[in-house]
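See below for the structure under consideration.
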Amino acid sequence: MRFHPTEEQLAIQDALKGTLEDAMPRERLEKIVNGGGDFDRESWNALMALGLGGLALPESVGGAGLGLVDLAMGIEVLGQGGVVGPVLQHCLAGLALNLADDADARETWLGKIASGETVATVAFGGNWLPDSWAVTVAGGKASGVIGFVPGADAADLILVGTQGGGLALIEKGAGVVVEAVQSADRTRRLSAVTFDGAPASVLFEPGDARIARIFDAALVLTSADALGGAQYCLDLSVAYAKEREQFGVAIGRFQALKHQLAQMALEVEPARALMWYAAYAWDSQQDDAARAAAMAKAHIADRYVSVARAAVAAHGGIGYTWEYSLNTWFRRSLFDRAYLGSPTVHRARAADLAGW
């Protein structure tokens, strides 16, 4: 593995950054966050027009045929931009569907997911880990309730964790009820979804080895979002330290703040290699891929919360206020830390996977 992005990967990141600057400027993001929305069609269409939905899907369905490393680097940019909606879950649902044996489901949905015409999300349930998933599927009908589903209100298609650790695909419609729940992250609002006899297509039975790969991909993509968010908090704090003056000088000249910013950089930069390796290990199916994904999720989500808190302090505490946008990234850090399992859970998994 080359521990440096290729020109193509950097070009993808630059294109995504430019698109977000146009489609989701800070003022627009704040308006959406404060307006109660959980989906923004304009930014969604702009990101999908760039090919983000199909970045890791085959060219035969309209994708780019790239790997998880490339997709994770794209998700990193979305973390920096605080993008609204279930983009991560949409891309993950596409990855899962592409691994499935159900040719009809792939033919029906993969092209629409790649183009963004169909909005997909993921609902694992339980305590996030596959053996705790609890929705039952009998006779092609799904029953059960899953809490904390991102973007369920906007989604047309839901990848659902089923009892014993399987996965099924459910098209939203009859038998599916979505109810919003209060959540900290206002860019990725959550819902409780009730399935009451909803038609379901089983993609993976419990025990299928591909389930673990899909869950590991989810961990890697979440760590990529966290890395991007932490980098944004660091960059914003450095810019603020250069601009904000106290006693007639920029506050960045004060030694205490210099140390604080340096510590934030020390937390962010090593995390980048951790995320890259976890994505590379997934793509190349290394023996330690599951452990690398668990470590990336645990460590980077922790660092995101730490850096976001330090950024609030570097801004003199005003990041806590509703009037300041840093609040948005602090809340995203809490989401990434809790989503798919806490750092404690994944450090324990990593230890088990290492045979400790």
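Structural remarks
- Residue count, region 164-187 (criterion: open to solvent by less than 20 Å² (accessible area, probe 1.4 Å), part of a loop (DSSP other than H, G, I, E, B) and not hydroxyl-bearing (Ser, Thr, Tyr)): 2
- Filtered by the rule that a residue be of a type in the set (A, V, I, L, M, F, W, C), in a helix (DSSP H, G or I) and either within 17 Å of the chain's Cα centre (by Cα) or farther than 14 Å from Ile113 by Cα (or both), region 47-71 gives Leu47, Met48, Leu52, Leu68, Val69, Leu71.
- Within region 278-299, being open to solvent by 60 Å² or more (accessible area, probe 1.4 Å), under 17 Å from Gly355 (Cβ atoms) and either in a helix (DSSP H, G or I) or touching a Lys or Arg at 6+ places or on another chain (Cβ under 7 Å) (or both) holds for Arg291, Met295.
- Exactly one residue among Gly228, Gly161 is in a helix (DSSP H, G or I), within 23 Å of Leu71 (Cβ to Cβ) and within 22 Å of the chain's Cα centre (by Cα), and that residue is Gly228.
- Of all residue pairs spaced 6 or more apart or on separate chains, those with beta-carbon atoms under 7 Å, a first member in region 280-301 that is β-branched (Val, Ile, Thr) and a second member that is surrounded by 24 or more Cβ atoms within 10 Å (Cβ to Cβ) are Ile300/Ser223; Ile300/Ala226; Ile300/Leu227; Ile300/Met275.
- Pairing residues of region 109-126 that are open to solvent by 10 Å² or more (accessible area, probe 1.4 Å) with residues that are assigned to a helix (DSSP H, G or I) and among the hydroxyl-bearing types (Ser, Thr, Tyr), at Cβ distances under 7 Å and at least 6 apart in sequence or on separate chains, gives Gly126/Ser132.
- Filtered by the rule that a residue be more than 25 Å from Glu42 (Cα to Cα), surrounded by 12 or more Cβ atoms within 10 Å (Cβ to Cβ) and without any contact (Cβ under 8 Å) to a residue 40 or more places away in the chain, region 1-25 gives a lone residue, Thr6.
- Residues in region 307-356 that are closer than 30 Å to Val160 by Cβ and among the hydroxyl-bearing types (Ser, Thr, Tyr): 5 in all.
- Filter result for the condition that a residue is part of a helix (DSSP H, G or I), modelled with pLDDT under 95 and out of contact with any strand residue (DSSP E or B) (no Cβ under 8 Å at 6 or more places or on another chain), over Gly319, Gly355: Gly319
- The set of residues from region 336-352 being open to solvent by less than 20 Å² (accessible area, probe 1.4 Å), in a helix (DSSP H, G or I) and under 23 Å from Gln89 (Cβ atoms) comprises Asp336, Pro343, His346.
- Subset of region 26-46 (residues that are part of a helix (DSSP H, G or I) and in contact (Cβ under 8 Å) with a residue 24 or more places away in the chain): Arg26, Leu29, Glu30, Ile32, Val33, Asn34, Ser43, Trp44, Asn45, Ala46
- Sole exception among (1) open to solvent by less than 30 Å² (accessible area, probe 1.4 Å); (2) touching a residue at least 40 places away in the same chain (Cβ under 8 Å) for Trp322, by number: (1)
- Filtered residue count, region 247-262, keeping only those that are in a helix (DSSP H, G or I) and surrounded by 13 or more Cβ atoms within 10 Å (Cβ to Cβ): 7
- Selected residue (criterion: farthest from the chain's Cα centre (by Cα)) from residues of region 96-152 that are over 25 Å from Leu219 (Cβ atoms) and among the small types (Gly, Ala, Ser): Gly139
- The sole residue among Ala271, Ala293 that is under 22 Å from Ser342 (Cβ atoms) and in contact with an Asp or Glu (Cβ under 8 Å, 6 or more places away or on another chain) is Ala293.
The values are calculated or read from the model by the stated rules, or taken from the named source; none is laboratory data. All values derive from a computational prediction rather than experimental measurement. Every residue, glycine as well, gets a Cβ built from its backbone with ideal geometry; the counts of neighbours run over all protein chains shown. Just the protein is used for accessible areas: all its heavy atoms, side chains included, with ligands, DNA and RNA removed. Shrake-Rupley method; radii C 1.70, N 1.55, O 1.52, S 1.80 Å.
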